[in-house]
Amino acid sequence: MLDHMEHLGTSTSAAFFDLDKTIIARSSTLAFSRPFYAGGLINRRTVLRSAYAQFVYLLGGADHDQMERMREYLSAMCTGWDVQTVRAIVADTLHHIVEPMIYDEAVTLIEQHRAAGRDVVIVSSSGSEVVEPIGEMLGADKVIATRMVVADGQYTGEIQEYAYGPHKATAITALAAAEGYDLQDSYAYSDSVTDEPMLAAVGHPFAVNPDRALRRLAIARDWPVLDFTKPVALAERTRFHEVRRPAVAVTAVSAGLAAAGVLLYAARRRARLQES
C-alpha cells in the first residue's frame with residue numbers, strides 16, 4: 001500500500017475519499033434502514049425497498065440515472081422526519097452498523113495520509129447526519145456531504161447542497177481554495193464513474209473497487225486500481241487509534257445535537273412502549 005505514497009511530509013495537500021464502497025462496503029444511507037424502521041421513521045415496505053436498492057447497488061454500483069432516482073426516493077422518504085431523531089438513531093447505532101463494514105485497506109490509507117501530514121476529507125452524496133459521525137469515528141479532518149433543508153426541526157424534502165458527481169469536484173475545489181490545498185499534490189479515491197470529476201480534479205486519482213465504467217476509464221487514463229476486500233472492526237486496530245486526532249470541524253456541534261437527540265429518541269421509545 002505504501003508504494004503509491006510519493007510526497008511525504010507535505011502540509012498543503014489532502015486526501016479525498018468517497019465513502020460508500022470505498023471506505024465502507026455498503027451504502028451508508030441504506031445501511032441505516034433497519035434502525036430507522038425500529039425508530040418509527042419508515043415502514044416495513046420501505047425497509048424492503050432499501051434492501052433491494054442495497055442489493056442492486058452492491059451488484060453493479062449506480063449510474064447517473066440510478067443515483068438520481070435514489071436521490072428522489074430518499075428525499076421523498078425523509079420529508080417530515082425530525083432531525084434530532086435521525087441524529088439520535090445514527091449516534092445510537094453507528095458503531096454496530098458501520099464499524100463491521102469499514103475496509104481495513106481504507107483505514108490503512110487514512111493512517112498513511114495522516115502520517116504524511118495530509119488532511120483527510122470524506123466526500124459523500126449521503127446526508128451529513130450520517131456522514132459526519134462516520135467521519136468523526138474515522139478521524140477525518142473535514143466532511144463534504146449532502147445537506148437537506150430543515151424547517152422547524154424537520155426535513156422539508158428539499159436539498160440544500162447535493163454532494164454528487166460534478167458537485168463533488170466543485171466542493172473540493174472550493175475547499176482547496178479555502179484551505180490552501182494543492183490539488184495537483186492531492187489524492188482522491190472512489191468506486192464510481194460518477195465521481196470522475198472529483199478524481200480528475202487531483203494529481204493522484206485512484207479507482208477503488210471500481211464499477212465497470214470506472215475500471216475502463218482508469219485503464220484508459222492509467223489511473224491505479226485498488227481492490228479493498230477486508231472489513232475490520234476499528235476497535236481492534238490500536239494503531240489506528242494511536243494516530244487518530246480530533247476530526248470534523250462540526251464535531252463539537254454535532255456531538256451536542258446528537259446527545260440531545262439521543263435523549264429525545266429514548267424518551268419517545270419509552271413512551272411508545274408504555275402506550276403498547
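The values are calculated or read from the model by the stated rules, or taken from the named source; none is laboratory data. Bear in mind that the values here come from a model prediction, so they are computed numbers and not experimental data. We work out accessible area using only protein heavy atoms, side chains counted, and drop any ligands, DNA or RNA first. Shrake-Rupley method; radii C 1.70, N 1.55, O 1.52, S 1.80 Å.
For the range 62-191, the Kirkwood estimate of hydrodynamic radius, built from reciprocal distances between every pair of different alpha carbons, is 16.1 Å. Overall dimensions of the range 183-232, expressed as equivalent-ellipsoid semi-axes from the Cα gyration tensor (√(5λ), whole Å, largest first), are 17, 13, 9.
Its Cα gyration tensor gives the range 117-177 an equivalent ellipsoid, and the semi-axes of that ellipsoid, as √(5λ) in whole Å with the largest first, are 22, 15, 8. Considering all C-alpha pairs of the range 151-191, those separated by over 17 Å amount to 48%. Across the range 112-190, Cα pairs under 8 Å and at least six residues apart give a relative contact order of 22 percent. Over the range 152-242, the pair-distance histogram of Cα-Cα distances with 5 Å bins from zero comes to 3, 12, 17, 16, 14, 15, 14, 6, 2, 0 percent, rounded to whole numbers.
Rolling a 1.4 Å probe across all protein chains gives ILE219 an accessible area of roughly 130 Å².
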